[in-house]
Amino acid sequence: MENINKIEKKWQKYWDEKKSFKAINGGDKKPYYILVEFPYPSGAGLHVGHVRSYTAQDAIARMMRMQGYNVLYPMGWDAFGAPAEQYAILNHIHPKEAVKENIKTFKGQMKSLGFSFDWDREFSTTDPDYYKWTQWQFLQFYKHGMAYKDTVPVNWCPHCKSVLSNEDAAGGVCERCGSQVEQKEKSQWMLRMSDYSEDLLKGLEDTNFADRVKLGQINWIGKSQGVEVDIDIVGGGKFSIFTTCPETIYGITFFVIAPDGKLIKELMERVENKDEVNAYIKETSLKSAMDRTELNKGKTGVEVKGVKAINPVNGKEVPIFLGDFVLGDYGTGAVMAVPSHDQRDFEYAKEHGLEIIKVIDCGDISEHAIEKTEYMGHDYKMINSEEFNGMTVDLAREKISDMIEEKGYGRRVNNYKMRDWIFSRQRFWGEPIPMIQCPKCGWVPMNEEDLPLLLPDVAEYEPTEDGESPLANITEWVNCKCPKCGHDAKRETDTMPNWAGSSWYFLRFMDPKNDKEFASMEAMKYWNRVDWYNGGMEHTARHLLYARFWVQFLFNIGLVPNKEMIWTRVSHGMVLGSDNQKMSKSKGNVINPDDIVKEYGADALRTYEMFMGDYQMDAPWSTESLRGCKRFLDKVERLKDKVNDQTGFTQSLEVIQNKTIKKIEYDLTHMGYNTVVSGLMILANAYDDLDSITKDDYRLLLLLLNPIAPHITEELNEMIGCTPLCEAEWPSYDEEKIIENTKEIAVQVNGKLRGTITIHIDDDEQSIKEKALECENVMKHIEGKEIVRIIVIKGKIVNVVVK
RNA sequence: GCGAGUAUGGCGGAAUUGGCAGACGCGCUAGACUUAGGAUCUAGUGUCAUAGACGUGCAGGUUCAACUCCUGUUACUCGCACCA
């Protein structure tokens, strides 16, 4: 085509002006909501990886519209975040200006690729009309006791005077300046996400997430069932431990408590070796800032002298140790140690010369512990465990748990790895948390009618000396009146994390212009939920979990219609550089979609990205392969010259045409995008083998190809004088016509291919057997041998078994 | 360490249910047309070899038949990482 970009622009304009992809809330059509993760509009522009997933979902959206669905396929911007803030600080502008520019670039790029988004629903998380509702929802969390302040340790760079995320502090070194990261206690807003552990686990049953996505969620929640036991301290006081192995409780020879926990602080008065203990605590606080993996070769720790704990089941007094492998903020901050049946305890005991008592009769423990995974499920018997001696491990586990509960030593509990959500960020470019601290009333929520609480319009904001948000420096913004008593008060200067705005954006798309509510119940009931959500693998754990938590909370307070608002979630693989490495500027392997569109056209890029490989797996870029896809589109164009003046379909193409319709439908809805393209190539090749094809033949190919390559197909379709494809109906196939009357099948002798025969659909088993045995090469291989049996799989294969 | 995933020609990858492994495309080889080719068309292209044998990371197993199911094992990728 003489100017591909001109044609693409023409159809993009057509779709825009006709509002071809506008989704309307209501009507007779069946609603279907397709969602792709909205991007962070970075300065780098659209990545070819974005193109992959947006095209995939676009193809489904386009097909389903033709099939008569009311498809919602929206797009927006997740634009709060550190890069925009950094850029703005450097250039002394407001981040919203940088964001505006980036969105413009992204949107232009998306338009040039012909994605069928309903642009009337576009918004950015940084729009006051949007973040007003993010703030409003935070207030609901607060009002329902789900938001609270707590002191937690944060990564702190003493040089940058800044709080760092775990990613930015990887390796215990500040990513920006390279100085040593420290731990610093800071008061932060928290959301009680751990209250939802069980619900988030159970809710997975009401979703259609891919298995690997579900597993990611399950692992993140990290449920473990066990027993919590109360331990008395000699001379008064007590603490609790949690164990998943109550069967080993008689094997306790010491306890280990966290150096950063509360318990050691309580015990400190009675500690005889205070200096030693304090030194270890200090050592740990430094260590926790470094990359622990490197330091965990040995099991360090010190005994807490002067205090002993009592094992409740046998009254035995055992020592207490400090060990940095016990975490202060996980579980109870203390563990029981059974060196005979836990490798970590074993190593610790060896290191510190502690007693090892075997309680399960299961082999040699002189070299290493025999752990749960090794002893459970066998018939090993208990030893050294008083009345439980001789019982099988499985039985003892239950009986010991029962005894602990009956005697009041403890109780069966579930423990979860998932903790509460730290919701504060010491950043400028985020949603301000709408809380006010009044010297008289304490923390007071803003009045809902005063929302949104806008970010101040300033261009200079340096971080404070003590790591507070840059907002803390803007006194005219910070100072306010208490909404309750009118006294002088100060605003919270922390902002929300990036995850906040993306935790509910899919709800807003259902009703994006609503200024009374974040979305009306009516609109949410109409769309019901997100039918199909696609995003990157890196977001399937946290983002999805946060979004589900957010939705479940809204459901519990009656604001959304379903407890799970996302039905299917799939994740796509990355587009790697041609060197099989992640694309990055420094490696020089980045492909800019604009260049490809300019040279080969949007359709070629779209087709190639669908064709490049299994959608769920990473795939390297290949410009050679892209050219192959361009050639395919050129071939489709050339086929136009073969169109004759006949109507209807060519008889000899009937089987492959019906087969292809079925295949495209199936593959598009099962993420088989690469085989969609290959199926269409096969159809086009079949057309190409003929001297001429009918207009209907040709239009069928264009219809089927349209979801992947929408521009060129529209243009060719117009050239043959048909009404636009985006207004056309999806073709239907006839199952009857897929069945072939005659078919070539394989004949094997002892499982090895020896020939092929052509069978008719009506042939019975006997005649197929006869045909198979008549086959020349088959005869040669069965000559002089005894036929044991002949296996005939109808329409598939014949296998002659000989001896 | 734990959890998950992956492994098929020179390359990307097909094989919906156990049923002709390598579809489709790239690349490559030869030829045609051409001033030219990043255009198009034709033929060929898993490996080794003479009929034939061998081939889906490796070693076993089940089956008439295994890329597909089972057992073990290796390598790589991702996630979590002293989780009690």
Practice problem: Go through A:LYS659/A:LYS796; A:LYS6/A:LYS96; A:LYS19/A:LYS663; A:LYS107/A:LYS214; A:LYS143/A:LYS186; A:LYS111/A:LYS635 and tell me which ones have a Cα-Cα distance over 27 Å in this structure. | Solution: A:LYS6/A:LYS96; A:LYS19/A:LYS663; A:LYS107/A:LYS214
Practice problem: Just need the relative contact order of region A:508-634 here, percent rounded to a whole number, with Cα pairs under 8 Å and 6+ apart. | Solution: 21
Quiz item: Cα centroid distance between region A:531-568 and region A:298-340, in Å?
Solution: 40
Quiz item: Per residue of chain A, what 222 nm ellipticity follows from adding -39500 (n - 2.57) for every DSSP H run with n ≥ 4, rounded to the nearest 500?
Solution: -10500 deg cm²/dmol
Quiz item: Taking the Cα centre of each part, how many Å lie between region A:729-803 and region A:485-517?
Solution: 67
Exercise. Mind checking which aspartates and glutamates have their Cα closer than 14 Å to the Cα of A:LYS149? Skip sequence neighbours fewer than 8 apart in that chain.
Key: A:GLU185, A:ASP420, A:GLU492, A:ASP494
Practice problem: At a Cα cut-off below 17 Å, give the lysines reachable from A:LYS238, other chains included and same-chain residues fewer than 8 away excluded. | Solution: A:LYS262, A:LYS265, A:LYS305, A:LYS308, A:LYS316, A:LYS407
Quiz item: Carbon-plus-sulfur fraction of the accessible area of chain A, 1.4 Å probe, in percent?
Solution: 48
Quiz prompt | Above-threshold pairs, the threshold being 32 Å between Cα atoms, out of A:LYS22/A:LYS223; A:LYS282/A:LYS372; A:LYS18/A:LYS516; A:LYS640/A:LYS794; A:LYS104/A:LYS630; A:LYS350/A:LYS399 | solution = A:LYS22/A:LYS223; A:LYS282/A:LYS372; A:LYS640/A:LYS794
Exercise. Could you tell me the accessible area of A:SER732 in Å² (1.4 Å probe, neighbours in place), rounded to the nearest ten?
Key: 100
Quiz item: Can you give the % of DSSP beta bridges in region A:428-585 that are antiparallel, to the nearest 5?
Solution: 60
Exercise. Whole number in Å², please: accessible area per residue of chain A, 1.4 Å probe, ligands, DNA and RNA not counted.
Key: 45
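For region A:513-644, what mean projected area does the convex hull of the alpha carbons give, in nm²?
So the mean shadow area of the Cα hull is 13.1 nm².
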Practice problem: Quick one: dipole size for chain A, taken about the Cα centre, charges +1 on Lys/Arg Cβ and -1 on Asp/Glu Cβ, in debye to the nearest 20. | Solution: 560
Quiz item: Which residue, chosen from A:TYR416, A:PHE21, A:TRP136, occupies the Cα position most advanced towards the positive end of the dipole of chain A, where the dipole is computed from +1 (Lys, Arg) and -1 (Asp, Glu) charges on Cβ about the Cα centre?
Solution: A:PHE21
Exercise. For region A:570-625, report the translational diffusion coefficient in µm²/s to the nearest whole number, using Stokes-Einstein at 20 °C, 1.002 mPa s, and a Kirkwood Rh over Cα pairs.
Key: 182
Exercise. Between the alpha-carbon centers of region A:703-721 and region A:405-439, tell me the distance in whole angstrom.
Key: 54
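The values are calculated or read from the model by the stated rules, or taken from the named source; none is laboratory data. Everything numeric here is computed off the predicted structure, so don't read it as measured data. When we count neighbours, we look across all protein chains shown, and the Cβ atoms used for this are built from the backbone with ideal geometry, even at glycine. Note: areas computed on protein heavy atoms with side chains; ligands, DNA, RNA excluded. Shrake-Rupley method; radii C 1.70, N 1.55, O 1.52, S 1.80 Å.
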